[in-house]
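Taking it in order: structure first as structure tokens, then the write-up.
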Amino acid sequence: MTDVELEESGGAPAGPDLLHGVPVTSSRGQVVLHPHRDGYLELLRTLADEGYAMCVDLCAVDYLEHPSRPLPEGVAPGRFEVAVNLLDITARRRIRVRVQLPSDDPRLPSLFDLYPGTEAMEREAFDMFGIEFDEHPDLTRILMPEDWIGHPLRKDYDMGRIPVQFKLTGEER
């Protein structure tokens, strides 16, 4: 019996809530799992085997300016976070997986073999944030030109400025 099931049955968990050995929280009634990146792929395989057959979203967040966000006990915050939302259509369940990544090595295994629909989502996270997905079939830019330097959704990305020149018309003079 997991700590979550134990708590639901009226018992008290021994420590932080765990599901599949991973810290679990709740957000607006949705179960949220917080694996370490080393156990990320194994957890997603387990969830797929349990019926979570559809990945509806995979996105990245840069928490450069918010390092003290709430996380469960034992989960160290990283600069980046990848959030994966899964559905079990048969049992009408939804689950979210949030994994922390350090700024000096933002990488995860690709989910493409497990959820082929993540191909474009992982490319977007790579393009916009610089998060690399190991063994992705085509980890290239998807939104920015191939020769673009940097990752525009990083909080420390220098925003370019193009000066706008205004001309006064005859009516405004």
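Need one word for region 54-148: rounded, prolate or oblate. Basis is the Cα gyration tensor (sqrt eigenvalues a ≥ b ≥ c); a/c below 1.5 gives rounded, then a/b vs b/c decides. Since a/c reaches 1.5 but b/c is at least a/b, the shape of region 54-148 is classed as oblate. Within 11 Å, Cβ to Cβ, of W148, how many net charges do the neighbouring residues add up to if Lys/Arg are +1 and Asp/Glu are -1? Local charge sum for W148: -2. Potential lengthening of the chain between S103 and K167 amounts to 18.6 nm, from the contour at 0.36 nm per residue minus the alpha-carbon distance. The stretch between T46 and I89 holds 13.9 nm of extra length on full extension. This uses 0.36 nm per residue minus the Cα-Cα distance.
In region 121-153, what GluC sites (Glu not before Pro) fall in a loop by DSSP, with at most 15 other Cβ atoms inside 10 Å?
Details: sites: E122, E124, E132, E135, E146; in loops: E135, E146.
Listed in order of number, the matching sites are E135, E146.
Restricting attention to region 21-108, which GluC sites (Glu not before Pro) occupy a DSSP loop and are surrounded by at most 15 other Cβ atoms within 10 Å? The partial results should precede the final answer.
On the way: sites: E42, E50, E65, E73, E81; in loops: E50, E65, E73.
Qualifying residues, ordered by number: E50, E65, E73.
Taking all protein chains together and rolling a 1.4 Å probe, H20 ends up with roughly 80 Å² accessible.
Could you check how much of the accessible area of region 30-124 is carbon and sulfur, as a whole percent, using a 1.4 Å probe?
On the way: 2390 of 4760 Å².
Looking at region 30-124 in its full context, I get 50 percent from C and S.
Rolling a 1.4 angstrom probe over the protein heavy atoms with all chains in place gives region 59-132 an accessible area of 48 Å² per residue.
The values are calculated or read from the model by the stated rules, or taken from the named source; none is laboratory data. Since the structure is predicted, the reported quantities are computational estimates derived from the model, not experimental observations. Please note: Cβ atoms are built from the backbone with ideal geometry, for glycine as well, and neighbour counts cover all protein chains shown. Heavy atoms of the whole protein, side chains included, go into the accessibility calculation; ligands, DNA and RNA do not. Shrake-Rupley method; radii C 1.70, N 1.55, O 1.52, S 1.80 Å.
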